[in-house]
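As structure tokens, the structure follows; a few thoughts come after it.
Only the coordinates and a few stated rules stand behind these numbers; no lab work does. Bear in mind that the values here come from a model prediction, so they are computed numbers and not experimental data.
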Amino acid sequence: MFITSLVDIMKNPVTRNVTFAGMLNYAGGYATMYFMPVFFQNMFPFHKVEFASINALSLSVLGFISTMAGGIISDRYHPKNPKIMS
């Protein structure tokens with residue numbers, strides 16, 4: 001039952017592409033977030049507080065901007081692409 005439902009969902013090209021793009025996005029994000037603190041700790045061992053502050057600020061601000069930009073883009077192209085609704 002689960003496998004047949006998954007196959008039916010993945011037949012839709014929009015769903016398949018969004019799933020693949022999400023997988024790539026999260027894989028890159030997790031790899032970056034895992035190795036970035038180690039890199040900065042090795043390169044700049046005396047700047048832990050500055051790294052933590054800048055990292056938290058950049059994740060918050062850039063995450064908010066990318067979320068808003070994604071919403072604006074999806075709202076703008078919604079009526080032009082009927083495959084989004086399928």
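Taking only Cα atoms, what is the 0 to 90° angle, nearest 10, from helix 13-43's long axis to the longest principal axis of the chain?
For 13-43 against the chain, the angle is about 10 degrees.
Helix-only mean residue ellipticity at 222 nm, the chain, DSSP H runs n ≥ 4 weighted -39,500 (n - 2.57), per residue, nearest 500. What is it?
-28500 deg cm²/dmol
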